[in-house]
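Report on the structure given below.
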Amino acid sequence: MIKLIQKQNILIMYYREGKSQREIARLLGVDRKTVRRYINKYEEKRKELEQSSGLVDPGELIQEIVEPPSIP
């Protein structure tokens with residue numbers, strides 16, 4: 001199981017630094033599928049927020065980032 005800081009690092013590396021999922025997995029020492037899962041969950045939340053209100057509330061996206069990782 002990954003820690004919260006790793007989840008945050010995955011999202012930061014992907015969106016801010018533009019790193020690939022494979023590169024993130026290698027740098028953090030986690031499985032590539034794990035990286036993909038957390039990026040996809042973030043994207044789903046973002047799309048859900050856009051569809052529900054038309055505007056994305058940064059507070060809700062931040063909540064998704066700081067939410068502890070869950071075991072599927």
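The values are calculated or read from the model by the stated rules, or taken from the named source; none is laboratory data. Quick caveat: nothing in here was measured; it's all calculated off a predicted structure. Here Cβ is always computed from backbone atoms with ideal geometry, including for glycine, and neighbour counts include all displayed protein chains. Ligands, DNA and RNA are excluded from the accessible area calculation, which covers all protein heavy atoms including side chains. Shrake-Rupley method; radii C 1.70, N 1.55, O 1.52, S 1.80 Å.
Points to keep in mind about this one:
- If you plug the beta carbon distance of E48 and R16 into 1/(1 + (r/R0)^6) with R0 = 25 Å, you get a FRET efficiency near 0.70.
- In this structure the chain gives 70 Å² per residue of accessible area when probed at 1.4 Å with all protein chains present.
- If you sort I12, I24 by accessible surface, 1.4 Å probe, largest first, the order is I12, I24.
- Nearby lysines by direct alpha-carbon distance to K45 (threshold 18 angstrom, same-chain neighbours under 8 apart not counted): K7
- Among the protein heavy atoms of region 1-44, carbon and sulfur supply 44% of the accessible surface, probe 1.4 Å, non-protein parts ignored.
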